[in-house]
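Let me begin by presenting the structure, written as structure tokens, before commenting on it.
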Amino acid sequence: MKIVHLKHKDIDKVRWDAAIKKASNGNPYALSWYLDIVSPEWEALISPDYATVMPLTVKKKMGFNYLCQPPFSQQLGIFGYNSDDALTIQSFLNILSQMFNLIEINFNEANHELPSDVLSKPNDTYFLDLEAQYADITSRYSNNLKRNIKKAEKAGLSICENNSIEKLINIFRKHKGKHIKTLNNDAYKKLSEIARSAIEKGCGKILEVYTSDDKEPCGGAFFMSDEKRTVFLFSALTEKGKKNAAMPFLIDEYISQVAGEKRILDFEGSNQKNLARFYKSFGTKKNIYFQICYYKFPYIVRPFLKMYKKIKPHF
């Protein structure tokens, strides 16, 4: 397979987006407008006619180019024709190993046929098929989830749609974000831009949950969609929201709005047992995607690179 490397300015974004939308494993993270936000100077590897493509989320440090996973983009990797084929994956990996000294990226759930010498870490994500009618979907809810939804209803919770994600970001940063060091101010700015752009394009929805006696939300979530899937991209809860089961109530409400559509709801994880149990309670199916790691540095700079001390993989 002939594969060409394109700099950002040389990518035909119309053809790129057409390729992602056509690909059976296409997802919203790989669309050009999304990549422009999370990795503004992204590059690409493409086969002729954009049949098979891979975004390169390039960054530079100490004079070295490297690949890393941008914030709020769970899965990228190889998309399109034969993207699940071992020889295709090997061809792309060979080029990556020649181009970069450091690679820490997530492939998508179709890129499973990895060479045996690739260091990879499996990650869980959970999909819910939305094509069935709402009553059929809820019949597969766990008993505990059903109890929590009734609890929220008894508490008098209500849901409103909003066009701004700022309130949810503020809730998240106050309650959970302070424990997540990988999310900095720049990441939250990118999230705001993603939400604003998605809503403008008609592919994003922000839902907030309110108690009967509060003017500010006790929780909420941001959903982003393409033709094949909706991603549960971001959520936030206050302590009152947790106590009153706001998130089960909100997700169930969203499912009721979109049930019957030919798409999946991607819960974006999780490897954490409690979150995984929560996502499973909706009757989801577990899928696996892989993180790919590769480090190759000259000996003279290795002492200065903390990440290199973790492990020294190759492919």
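Let me make sure I get this right: for the range 147-280, a, b and c are the square roots of the gyration tensor eigenvalues over alpha carbons, sorted descending. Under 1.5 in a/c it's rounded, otherwise prolate if a/b > b/c, else oblate. Which is it?
rounded
Relative contact order, percent, of the chain when contacts are C-alpha pairs under 8 Å separated by at least 6 residues?
In percent, rounded to a whole number, it is 24.
Using Cα pairs under 8 angstrom and six or more residues apart, how large is the relative contact order of the range 144-220, in percent?
43
Which loop trypsin sites (Lys or Arg not before Pro) in the range 146-233, with loop taken from DSSP, have no more than 15 other Cβ atoms within 10 angstrom of their Cβ?
The qualifying sites are LYS176, LYS181, LYS201, LYS215.
Can you bin every Cα-Cα distance in the range 111-158 into 5 Å intervals starting at zero and give me the percent of pairs per bin, rounded to whole numbers?
Over the range 111-158, the share of Cα pairs per 5 Å bin runs 4, 13, 15, 14, 14, 9, 9, 8, 8, 4, 2 percent.
D for the range 184-257, whole µm²/s, Stokes-Einstein with Kirkwood Rh over alpha-carbon pairs at 4 °C and 1.567 mPa s: what number?
98
Explain nothing, just the number: relative contact order of the range 73-191, from Cα pairs under 8 Å at least 6 residues apart, as a whole percent.
Here the relative contact order equals 22 percent.
In debye, nearest 20: dipole of the range 17-116 around its Cα centre with unit charges on the Cβ of K, R (+) and D, E (-)?
260
Taking the range 135-205 as the region of interest, what is the percent of Cα-Cα pairs per 10 angstrom bin, listed from the shortest bin to the one with the maximum distance?
Spelled out per bin, shortest first, that is 15, 29, 32, 23, 0.
What is the dipole size for the range 84-162, taken about its Cα centre, with +1 at each Lys and Arg Cβ and -1 at each Asp and Glu Cβ, in debye to the nearest 20?
Here the range 84-162 has a charge dipole of around 800 debye.
Report Rg(Cα)/(2.2 N^0.38 Å) for the range 73-120, keeping two decimals.
So the Cα radius of gyration is 1.08 times the expected 2.2 N^0.38 Å.
Shape call for the range 13-159 from the C-alpha gyration tensor, a ≥ b ≥ c root eigenvalues: rounded (a/c under 1.5), prolate (a/b greater than b/c) or oblate?
The shape class here is prolate.
Any chance you could list the semi-axes, whole Å, largest first, of the equivalent ellipsoid that the Cα gyration tensor gives for the range 47-133, using √(5λ)?
24, 17, 14
Determine how many Å³ per residue the convex hull of the Cα atoms of the range 217-302 encloses.
171
Based on DSSP H assignment, which helices of the chain show an axial Cα extent of at least 24 Å together with a mean Kyte-Doolittle hydropathy greater than or equal to 0.5?
Answer set is empty.
Pick out, from PHE232, GLY204, ILE3, the residue whose Cα sits farthest towards the positive end of the charge dipole of the chain, with +1 on the Cβ of Lys and Arg and -1 on the Cβ of Asp and Glu.
Of PHE232, GLY204, ILE3, it is PHE232.
Let me test this: with uniform point scatterers at the alpha carbons of the chain, what is the Debye-based log₁₀ I(q)/I(0) at q = 0.11 1/Å?
Log-scaled intensity ratios, in q order: -0.73.
Please name which of ILE264, SER24, GLN74 has its Cα lying farthest along the dipole of the chain towards the positive end, using unit charges on Cβ (Lys, Arg +1; Asp, Glu -1) and the Cα centre as origin.
Of ILE264, SER24, GLN74, it is GLN74.
Computed from the coordinates by the stated procedures, all read-outs in this text should not be read as laboratory data. All values reported here derive from a predicted model rather than from experimental measurement. Here Cβ is always computed from backbone atoms with ideal geometry, including for glycine, and neighbour counts include all displayed protein chains.
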